[in-house]
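One structure is given below, encoded as structure tokens.
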Amino acid sequence: VQLQASGGGLVQAGGSLRLSCAASESIFRFINMGWYRQAPGKQRELVASITSGGTTNYAESVKGRFTISRDSAKNTVYLQMNSLKPEDTAVYYCNVRRRWVGDDYWGQGTQVTVSS
């Protein structure tokens, strides 16, 4: 499985960005899709995830500001990020877990920088 993440960039606090992660396989092959982030000196953390059944999960720090969604026709998962804060600055990675096999795949990461 190959994942191509895009959409990162530099934005001022309060601004918005939309991250995209295009998969090389049908998203119906995945039991879970998600976005993680890693800031300098910190561990990678879950930002948001969506199951094959459509159940979403968000880190407390992004609830109400970020929205995860997917487009099965494009084999793509999105992360809409609104009201961005400087503490959202990190490299964002998309992740998928395949059904039955249970193995994980990671995208290459996209940098999000929020200036104050």
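Only one residue in ALA90, ALA48, ALA39, ALA59 is free of Cβ contacts under 8 Å to residues at least 24 places away in the same chain, among the aliphatic types (A, V, I, L, M) and more than 17 Å from GLN2 (Cβ to Cβ). Which one? Criteria check complete, one pass: ALA59.
Taking the listed residues ARG44, ARG37, ARG18, ARG97, the one that is in contact with an Asp or Glu (Cβ under 7 Å, 6 or more places away or on another chain) and open to solvent by 60 Å² or more (accessible area, probe 1.4 Å) is ARG97, with no other qualifying. Entry remark, segment 47-57: residues being in a strand (DSSP E or B) and open to solvent by less than 50 Å² (accessible area, probe 1.4 Å) number 5 in total. Taking segment 100-116 as the range and being within 29 Å of SER26 (Cβ to Cβ) and open to solvent by 50 Å² or more (accessible area, probe 1.4 Å) as the test, the residues that pass are TRP100, VAL101, ASP104, TYR105, TRP106, GLN108, GLN111.
Hey, does segment 15-31 have a residue that's more than 12 Å from the chain's Cα centre (by Cα), closer than 20 Å to GLY109 by Cβ, modelled with pLDDT of 95 or more and among the aliphatic types (A, V, I, L, M)? Yes: one or more hits. Is there any pair linking a residue in segment 4-21 that is closer than 16 Å to TYR93 by Cβ to one that is open to solvent by less than 30 Å² (accessible area, probe 1.4 Å) and not in a strand (DSSP E or B), with Cβ under 8 Å and at least six apart or on different chains, and which? From segment 4-21, the pairs are GLN4/GLY107; ALA5/GLY107; ALA5/GLY109; LEU17/LEU84; CYS21/GLY107.
The values are calculated or read from the model by the stated rules, or taken from the named source; none is laboratory data. Bear in mind the structure is a predicted one, so any value in this text is a computation, not a measurement. So basically every Cβ, Gly included, is an ideal-geometry build from the backbone, and we count neighbours across all protein chains shown. Only protein heavy atoms, including side chains, enter the accessible area calculation; ligands, DNA and RNA are left aside. Shrake-Rupley method; radii C 1.70, N 1.55, O 1.52, S 1.80 Å.
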